[in-house]
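Undergrad: Sharing a structure below in structure tokens format, with a few things to ask.
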Amino acid sequence: MKKTILVSCLLFVYVILWAENPNDQKYLLTTNVNSFGFSTIDMTDPYLSPTNYSGIGLNYTHENRRFLKLENTTFSMQNKLGFASGLMLNPTGNSALTYLGVNYGWGINYHFRLEKGIRILAGGLWDIDLGFKDMARNINNPVNVDLSTNLNLTGLLQYDIPTHRRTMRLEMALQTPIIGCMYVPLGGASYYDMFELGSFTNAIHASTLFNKRGLVQTYAISIPFNQVVWRFGLHLNNLIYKANNMVFTKNEYSLLIGTTFDAIHFGGRKKTAPLNFISTNE
């Protein structure tokens, strides 16, 4: 009888501890942001042509953030992956330039919580940028590759606006390159000489604020609906860099539409995360 009572008490305590544990255990959520953009693009590439090219494009960006540790919600890790495409014409409309690009970045943010509903994320992001340009009418040098890596300063301001039925969020994000390295071939140099013969004279350049300046800006509003949080905004990407006595420019302006959600399918007003899930949006 004593053994039976002892075993029953132990089982009872175990069941209580097991039942309480899921509520006490905390989990790190990954905040995901997906955005699609329709763009107007203005680009100059003296390696291919001294003429400025303008047109339209499409882009897609995926971003995610997650705190580094459960015990410390001050620092978060960020991943960013973007794809871009464009079709541009010269001023006379008799020559076309096709552009395809991909960008990946990884960084760390420090979270400042000024007051309820206002957050600032500041940090740095290291990225790799690869672009491919093709000009059909250029017989000697029809293709140019943009390749660079940079350490960027980043900042994000979030401001929550409570309403009767939902809490909307305004965001302003900034990113600018500080130091890095870029591939820019000599004007008129042949890609055959560079890649077949290994002649990369004056093709690799260090980049600083003196020869490369850019500013990426995103202004967005997130609105939670019943099943999803929709995101609308404006994206601006302005870049100018110099090498081998050539000046390259890129100006892109995009209208964005997308979604934002926390991993494990939490998002919107009717699918909020439990209290023991920790999100970088808090």
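Undergrad: For segment 129-172, give me the residue count where each residue is among the β-branched types (Val, Ile, Thr), more than 16 Å from LEU215 (Cα to Cα) and in a strand (DSSP E or B).
TA: Our first condition is that a residue be among the β-branched types (Val, Ile, Thr); within segment 129-172, this holds for 139, 143, 145, 149, 154, 161, 163, 167.
Narrowing further to those that are more than 16 Å from LEU215 (Cα to Cα): 139, 143, 145, 161, 163, 167.
If we keep only those that are in a strand (DSSP E or B) as well, we get 143, 145, 161, 167.
Of the residues in segment 129-172, 4 are among the β-branched types (Val, Ile, Thr), more than 16 Å from LEU215 (Cα to Cα) and in a strand (DSSP E or B).
Undergrad: Additional query: From THR61, THR73, grab the single residue that is out of contact with any Asp or Glu (no Cβ under 6 Å at 6 or more places or on another chain), modelled with pLDDT under 95 and more than 30 Å from TYR191 (Cα to Cα). So that I can check it myself, show each step before the final result.
TA: Numbers: THR61 fails: modelled with pLDDT under 95.
Answer to the check: THR73.
Undergrad: In segment 77-128, what residues are of a type in the set (Ser, Thr, Tyr) and either assigned to a strand (DSSP E or B) or free of Cβ contacts under 8 Å to residues at least 12 places away in the same chain (or both)? Spell out the reasoning first.
TA: Filtering segment 77-128 for residues of a type in the set (Ser, Thr, Tyr) gives 85, 92, 95, 98-99, 104, 110.
If the condition is that a residue be of a type in the set (Ser, Thr, Tyr) and either assigned to a strand (DSSP E or B) or free of Cβ contacts under 8 Å to residues at least 12 places away in the same chain (or both), then SER85, THR92, THR98, TYR99, TYR104, TYR110 are the ones that fit.
Undergrad: Can I ask one more? Would you mind telling me which numbered condition in (1) within 26 Å of SER254 (Cβ to Cβ); (2) in contact (Cβ under 8 Å) with a residue 24 or more places away in the chain; (3) not in a strand (DSSP E or B) LEU70 fails?
TA: Failed condition: (1).
Undergrad: If you scan segment 220-239, which residues turn out to be under 20 Å from PHE38 (Cα atoms) and either within 13 Å of the chain's Cα centre (by Cα) or in a loop (DSSP other than H, G, I, E, B) (or both)?
TA: HIS235, LEU236, ASN237
Undergrad: Please specify each residue of segment 71-87 satisfying the condition of being over 16 Å from ASN237 (Cα atoms) and within 24 Å of the chain's Cα centre (by Cα).
TA: If the condition is that a residue be over 16 Å from ASN237 (Cα atoms) and within 24 Å of the chain's Cα centre (by Cα), then ASN72, THR73, THR74, PHE75, SER76, MET77, GLN78, ASN79, LEU87 are the ones that fit.
Undergrad: Is one or more of the residues making up segment 198-208 surrounded by 14 or more Cβ atoms within 10 Å (Cβ to Cβ), at pLDDT below 95 and either hydroxyl-bearing (Ser, Thr, Tyr) or closer than 15 Å to ASN34 by Cβ (or both)?
TA: yes
The values are calculated or read from the model by the stated rules, or taken from the named source; none is laboratory data. The shown structure was predicted, so the numbers you read here are calculated from the model rather than taken from an experiment. Neighbour counts are summed over all protein chains in view; Cβ atoms, including those assigned to glycine, are modelled from backbone coordinates with ideal geometry.
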